[in-house]
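Trainee: There's a structure below that I have some questions on.
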Amino acid sequence: MEHQGRRERKKAEVRARIADVATGLFLERGFDAVSVSEVAEAADVARPTVFAHFPRKEDMLFDRYPEAEGLVVAAVNERPAGTSAVAALSGLLVRLADQGHPLSAMRVEFSRFWEVVADSRALQARARELLQHIEEAIADAMERTGVRDPQLTAALTVAAYRVVHLEAVRRILAGEDVAVVAADHRARIVSALAGVDQLCR
């Protein structure tokens, strides 16, 4: 067991190093200008090692996806009695925004990340796929926990948050004051998901 634990830690460290190196290169030069071979060389690993951890090049930039899915599923599964699934997700997203977490916060230092995504059709397509996976994971968790019409509720929840998130990103990229955008983003999460919650009750 101890050997397995060390092995898993080593794998996690290699995965994190590859993602960090790749992200740095993508932010510096753009996603499409960087090859997997360049990432492997910069991370001091073999090219097959990169693919062992990230079967798709896009996932090196979206390496936080597993964490995001785990958080939203846990929010639905572990919500207190009497709390709706949508309200639990709203609370999670607000907490992440308040903590400055990369998965929900609006911060000026993320601007280059969003620019890189906006400049790459491959990244945009992968982002849509991952969002679909998140929606499916939320729907499964809602179904397991007795939410009425879980597929529709999950779809409306994800769609509402996507609109709020993309609007905030566009505003920051347009040069608006980040503190104002962040405050509006938080308020709009609460308002939009409250509307979904009311609609789906």
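Trainee: Filter the range 18-50 down to residues that are farther than 20 Å from LEU123 by Cα and not hydrophobic (A, V, I, L, M, F, W, C) and give me whichever is least open to solvent (accessible area, probe 1.4 Å).
Mentor: Out of the qualifying residues, it is THR49.
Trainee: Right, VAL190: out of contact with any strand residue (DSSP E or B) (no Cβ under 6 Å at 6 or more places or on another chain), open to solvent by less than 40 Å² (accessible area, probe 1.4 Å) and farther than 30 Å from PHE54 by Cβ or not?
Mentor: Spelling it out, it is not the case that VAL190 is out of contact with any strand residue (DSSP E or B) (no Cβ under 6 Å at 6 or more places or on another chain), open to solvent by less than 40 Å² (accessible area, probe 1.4 Å) and farther than 30 Å from PHE54 by Cβ.
Trainee: Hey, another quick one. Kindly indicate the residue of the range 51-81 that is surrounded by fewer than 15 Cβ atoms within 10 Å (Cβ to Cβ) and acidic (Asp, Glu) and also farthest from the chain's Cα centre (by Cα) among those meeting that condition.
Mentor: GLU78
Matching residues to (1) of a type outside the set (Phe, Trp, Tyr); (2) farther than 25 Å from PHE26 by Cβ; (3) in a helix (DSSP H, G or I); (4) out of contact with any Asp or Glu (no Cβ under 8 Å at 6 or more places or on another chain):
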| residue | (1), (2), (3), (4) |
| --- | --- |
| ARG112 | yes, no, yes, yes |
| ALA137 | yes, yes, yes, no |
| ALA168 | yes, no, yes, no |
| ALA179 | yes, yes, yes, yes |
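Trainee: May I ask you to say which residue of VAL158, VAL147, VAL196, VAL164 is outside any helix (DSSP H, G or I), closer than 26 Å to PRO80 by Cα and open to solvent by less than 60 Å² (accessible area, probe 1.4 Å)?
Mentor: Checking each option against the conditions leaves just VAL147.
Trainee: Of the numbered conditions (1) over 19 Å from ARG171 (Cα atoms); (2) touching a residue at least 24 places away in the same chain (Cβ under 8 Å); (3) part of a helix (DSSP H, G or I), ARG95 satisfies every one except a single condition; which is it?
Mentor: Unmet condition: (2).
Trainee: Also: What's the total number of residues in the range 167-187 that are surrounded by fewer than 17 Cβ atoms within 10 Å (Cβ to Cβ) and either free of Cβ contacts under 8 Å to residues at least 12 places away in the same chain or among the small types (Gly, Ala, Ser) (or both)?
Mentor: Result for the range 167-187: 9.
Trainee: Within the range 87-114, can you find the residues that are under 24 Å from LYS57 (Cα atoms) and either surrounded by fewer than 17 Cβ atoms within 10 Å (Cβ to Cβ) or not small (Gly, Ala, Ser) (or both)?
Mentor: Within the range 87-114, HIS101, PRO102, LEU103, GLU109, PHE110, SER111, ARG112, PHE113, TRP114 qualify.
Trainee: Something else now. Working carefully through the options ARG126, ARG107, ARG112, find the one that is touching a residue at least 24 places away in the same chain (Cβ under 8 Å) and under 22 Å from VAL73 (Cα atoms).
Mentor: Criteria check complete, one pass: ARG126.
Trainee: Something else about it: Going by the structure shown, is VAL117 open to solvent by 70 Å² or more (accessible area, probe 1.4 Å), among the β-branched types (Val, Ile, Thr) and over 20 Å from LEU193 (Cα atoms)?
Mentor: No.
The values are calculated or read from the model by the stated rules, or taken from the named source; none is laboratory data. These figures come from a predicted structure and were not determined experimentally. Methodologically, a virtual Cβ is constructed for each residue, glycine included, from the backbone with ideal geometry; neighbour enumeration extends over all protein chains shown. With ligands, DNA and RNA removed, areas are computed over all heavy atoms of the protein, side chains included. Shrake-Rupley method; radii C 1.70, N 1.55, O 1.52, S 1.80 Å.
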